[in-house]
Every structure is written in structure tokens, then in C-alpha cells.
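Data first, discussion second: the structure below is written as C-alpha cells.
The values are calculated or read from the model by the stated rules, or taken from the named source; none is laboratory data. Values in this document were obtained by computation on a predicted structure and should not be read as measured data. Because the Cβ atoms are built from the backbone with ideal geometry, glycine has one as well, and the counts that use them run over all protein chains shown. Ligands, DNA and RNA are stripped out before the accessible areas are found, and what is left, the full protein with its side chains, is counted by its heavy atoms. Shrake-Rupley method; radii C 1.70, N 1.55, O 1.52, S 1.80 Å.
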Amino acid sequence: MKSTLDQIEDIKKNGFSLDFATVFNHAFENYKKIALYSGLIILVFSIIAAVAFMGIMVAYYGAEAISKDFIQNFENQQFTTIQLVIQTVAVSIVAGITAPFGAGFLKMADSADRDVEFNVSTIFTYYKSPYFGQIFVAAFIPALFGTAIANLIESAGIIFVGNLVSFMVSYFMFLSIPLIVFGNLGAIDAIKSSLVIVTKNPLNIFAFFIIGFLGSMVGFIGCCVGIIFTVVFNSSMIYATYFAIFGTQSEDEDSIDSIGKYNVD
């Protein structure tokens, strides 16, 4: 089987095609296998994260931090340049730290696809060397770029364009994380390769990107808590898209040791 590097070179030269129905059906079937278990995991960790966040806010701002007026005033606050820089870096760091958690759902999707048993520890698979550093960088750089541009535009009084920039950055980075965890590419190579793949078949990738996003938001209909069980559909869509382009291979020590050794020109 060709390496990810060789396949990327083929894509550069010849492009690639995707069958919409095949990818969507694969994503949906995969989602059904992981929806309940992943939803329970997200529910538990969402509660933990919410409690921790509120604790930090109360400790820093006082009990008034949980009041409606405080939240509204905080949202309408005009930040200084220094504050925006700090916010941009902080958001990017959080994106980098949480990215391996999201990658864990890709691992869960792969395990379900191959009928391999998975559990809670599967979510934390990529919080270890050599994965963590590569995934952190692959999430940190686009988040830093997207957030910085968005803040710059919004500080000029153009409200919605900043959100569009962040949205497009996410679109072009659609396959950067699976290229690390399944393709064994380093962070920079994964970012460049995701750009190559998206630009070679922008319409199909955009369709899967939008469907994954909308599918994950379905839980908002009727009862907002339902999103806990639908948000992982995006992971299944990303996985199915990657699978359709590259296929997957079982992880072994050689593939783990090869992470970051490929170079994409």
C-alpha cells in the first residue's frame, strides 16, 4: 500500500474523486456505532468543564460572574489591543490542548469501523508522545491565524466577516488531524496536505464539511441537550472522508515512530 506521502503526491498530480453517497452512508453507519457512547463521554466531560469554568470565573471575578448582567457586560466589552493579543493566544492554546480530545473520537470511529473494542481511555489516546505535540501544533497554528485575522477584522467594526474567516480556516484544515493520527504526517506537513486535498476537490470537501457541521447541530432541534449525542457526527464525517481518500491502516510501532518523518514539498 502506498504511503500517505506518495498518495499526496498522486493527488497533487492527478486530483481525486469522491462518491457522495458512499461517503455519507459510511459516515452515518459509523456514527450510529459511536453516538451513544461518545455522547455519554461528552456529557460527563461537559459537566466537568462547565463546573471548572464557573469556578475559575467566580474565583477571578467574584460571585457576580454568574449573573446575567455581568455576562452581558462582558460580551459587550471593548478589548484593548493587548487584551486581544492575549485572547488570541489563549484561544489558540486551548484549541491545541483540546485537539487531541477531538482526535480521540476519530480513533473511536476507526475502532468502531474495524469492530475493535473501545472505551473511555480511547478518547485520551493522543495525549501522549509523539501524537500530542504534532496535534497541538496542527490545531494551534490555524487557530492562531484564524482568531488573529477575525479579531483584526472585527476590531475594524466588520462583525460577521471575522466569523467567516474562522469558518474557512476550519474548512481548509478539515483533514489535518486525521492526516496526523492515521497518515503519520507531522503537523506542518498535515496542514499543507490538507490544503492540497481541499483545493483539489473543493466542492465535495465543502459539502462534507457543511453536512458534518449541520449534522452535529441537529441535536439543537427540540432539546438543546441532544447536541451532546449528535456533535460526534462531524467526527464520523471527517473519518469517512479520509477513509474514502486514503483508506486506513492498523497502527503499529513502525507507523507511530514514523510520525513527522515525512516531508510534503
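Points to keep in mind about this one:
- All of (1) under 19 Å from the mean Cα position of the chain (by Cα); (2) of a type outside the set (S, T, N, Q); (3) surrounded by 15 or more Cβ atoms within 10 Å (Cβ to Cβ) hold for Glu9 with one exception: (1).
- Note on the stretch 167-203: residues that are crowded, with 19+ Cβ neighbours inside 10 Å and either among the β-branched types (Val, Ile, Thr) or in a helix (DSSP H, G or I) (or both) amount to 15.
- Some residue of the stretch 103-121 being assigned to a loop (DSSP other than H, G, I, E, B), more than 15 Å from the chain's Cα centre (by Cα) and either under 26 Å from Ile8 (Cα atoms) or among the polar types (S, T, N, Q) (or both): yes
- Residue check for Thr230: open to solvent by less than 30 Å² (accessible area, probe 1.4 Å) and modelled with pLDDT under 90: yes
- The conditions of being surrounded by 15 or more Cβ atoms within 10 Å (Cβ to Cβ) and either among the hydrophobic types (A, V, I, L, M, F, W, C) or out of contact with any Gly (no Cβ under 6 Å at 6 or more places or on another chain) (or both) are met by Val23.
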